[in-house]
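Worksheet: the structure to be examined is printed underneath.
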Amino acid sequence: MLKRRKFMATGMLLGLSTCIQAKKQTVLMHSFQKVKSVIAAVQAHMFPVQSQLPSANEANVIAFLYETIMHTSYDKDIRLFVIEGAETLIAREQKSFLDMSEEQREQSLRRYEKTNYGSAWLARIMTLTMEGLFSDPIYGANKDEIAWKSIDMYGGLPRPRVKYLEH
């Protein structure tokens, strides 16, 4: 009889953990939506229009960053770090980062970079942006191989046929 109770309790906990995980994912998605425009603005500042490389907007790297960090296999601590780092930047600038001029954004990001946390966050955003920029277009960024063409490079062979995140 005890084994049956244990089995039923375990089954209930497993079912409940699935619900909890789905709720956590929904909360994370909502949290990301709140900071998405700030992260995209930081990416656009790092990779502006009319530079040698395609701009962050041209390459659609925000979509790559979102898909990557929100996938269940992605490190949950880094996922939270990306979101919380953007929230910290918003708080530091009293929610006005998006209204700043290019020069003001530069100054803001330089101040943030001087903190250990800000420096690590900006490095993570740069890494994720570069990954998206030079990834195979199947992953949603580097549309029409725009980044590869800008440096006269071709992606590795064999090319992926499906997104690795879809498994």
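Here residue 153 meets the list (1) of a type outside the set (Ser, Thr, Tyr); (2) touching a Gly at 6+ places or on another chain (Cβ under 8 Å); (3) assigned to a loop (DSSP other than H, G, I, E, B); (4) over 17 Å from residue 41 (Cα atoms) almost entirely, failing just condition (2).
Within the range 32-42, being within 12 Å of the chain's Cα centre (by Cα) and either surrounded by 12 or more Cβ atoms within 10 Å (Cβ to Cβ) or among the hydroxyl-bearing types (Ser, Thr, Tyr) (or both) holds for 32, 35, 36, 37, 38, 39, 40, 42. Being out of contact with any Leu (no Cβ under 8 Å at 6 or more places or on another chain), modelled with pLDDT of 95 or more and farther than 30 Å from residue 157 by Cα is true of residue 120. Scanning the range 61-100 for residues that are of a type in the set (S, T, N, Q) and modelled with pLDDT of 95 or more yields one hit, 88. Within the range 108-150, restricting attention to residues that are polar (S, T, N, Q) and crowded, with 18+ Cβ neighbours inside 10 Å, which residue is nearest to residue 47 (Cα to Cα)? Top of the filtered list is 129. If I go through the range 96-107 residue by residue, how many of them are hydrophobic (A, V, I, L, M, F, W, C) and either surrounded by 16 or more Cβ atoms within 10 Å (Cβ to Cβ) or not in a helix (DSSP H, G or I) (or both)? The total comes to 2. Mind checking whether some residue in the range 62-72 is of a type in the set (D, E, K, R), under 23 Å from residue 155 (Cα atoms), out of contact with any Ser or Thr (no Cβ under 9 Å at 6 or more places or on another chain) and assigned to a helix (DSSP H, G or I)? Checked against the condition, which is being of a type in the set (D, E, K, R), under 23 Å from residue 155 (Cα atoms), out of contact with any Ser or Thr (no Cβ under 9 Å at 6 or more places or on another chain) and assigned to a helix (DSSP H, G or I), the range 62-72 yields at least one hit. Within the range 66-89, residues that are of a type in the set (Asp, Glu) sit with their Cβ atoms under 9 Å from residues that are outside any helix (DSSP H, G or I) and surrounded by fewer than 17 Cβ atoms within 10 Å (Cβ to Cβ), at 6+ positions apart or across chains, in these pairs: 67/163.
The values are calculated or read from the model by the stated rules, or taken from the named source; none is laboratory data. Computed from a predicted model, the values in this text were never measured in an experiment. Every residue, glycine as well, gets a Cβ built from its backbone with ideal geometry; the counts of neighbours run over all protein chains shown.
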